[in-house]
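Remarks on the structure that follows.
What follows is calculated from the coordinates using simple rules that are stated; it is not laboratory data. Remember, it's a predicted structure, so these values are computed and weren't measured experimentally. Positions of Cβ are backbone-derived with ideal geometry, glycine not excepted, and every protein chain shown enters the neighbour counts.
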Amino acid sequence: MKARRSVSIMFLVFTVLIIYGVYATGQDTYVVKEDEELFGTWINTEYDETLLMSKVVIEPDGSWDEYKMSSGDEKYFKCEYTVKEKWTDSDGNTLYKIIIKSIGSDYVPYYVISKINKTGNVYEDLVSNLEMPEEFDPDDMLLHYRIYYRQE
């Protein structure tokens, strides 16, 4: 009985340590730095007359705000984001896998793969509300494509 109880307790302790180790290492989330290429104000004036958001503001504090008009100050979507992964492709572009959640609503999260060109002036993303895109493919008909330009 004692041996069985000791084995059960050891199993429980090891399970807790393994779970803690996975979360403590931040294995599932990329820790953003203050100077990420992602941060800034991105606009596309061509979207002003469409249903797409014309301005996206991404801050280091985890806020992601979208505006209907590129010159507007009224937030259309106030969101928070988590960067899951970051890498650089063979052309020198920086890519991110991001999960965005709208604040104050019960909306499902959006899964985004973003690409910033090597000069840091063009931001493109692909958005899905089903699952994280595996690769950046603007021709994928199941994903929503957007392009923005850095506002100086």
For a quick check: sort SER90, SER128, SER114, SER54 by the number of other beta carbons within 10 angstrom, fewest at the front.
SER90, SER128, SER54, SER114
If you average the C-alpha positions of the range 31-52 and of the range 86-144 separately, how far apart do those two centres end up, in angstrom?
12 Å
Taking other Cβ within 10 Å of each residue's Cβ, how do ASP106, ASP91, ASP140 sort, fewest first?
ASP106, ASP91, ASP140
Using a Cα-Cα cut-off of under 29 Å, which lysines could be cross-linked to LYS118, ignoring same-chain neighbours fewer than 8 residues away?
LYS33, LYS55, LYS68, LYS75, LYS78, LYS84, LYS86, LYS97, LYS101
Under a plain spin-label model, where a point goes 7 Å from the Cα along Cα-to-Cβ, how far apart in nm are VAL57 and SER71?
1.7 nm
Which of the trypsin sites (Lys or Arg not before Pro) found in the range 49-152 are in a DSSP loop and have at most 16 neighbouring Cβ atoms, other than their own, within 10 Å?
LYS118
Residue separation between GLU49 and ASN117 times 0.36 nm, minus their alpha-carbon distance, gives in nm 21.9 nm
Give me a comma-separated list of calculated 3J(HN,Hα) values for the range 83-89, in order, Karplus coefficients 6.51, -1.76, 1.60 applied at θ = phi - 60°, integers in Hz, x for any Gly or Pro.
7, 8, 7, 9, 7, 10, 7
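Taking the beta-carbon count within 10 Å as an exposure proxy, list VAL83, VAL122 from fewest neighbours to most.
Details: VAL83 18, VAL122 15.
So the ranking, lowest neighbour count to highest, is VAL122, VAL83.
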Debye calculation, C-alpha points only, no solvent: report log10 I(q)/I(0) for the range 36-131 at q = 0.19, 0.21 Å⁻¹, in the same order as the q values.
-0.95, -1.15
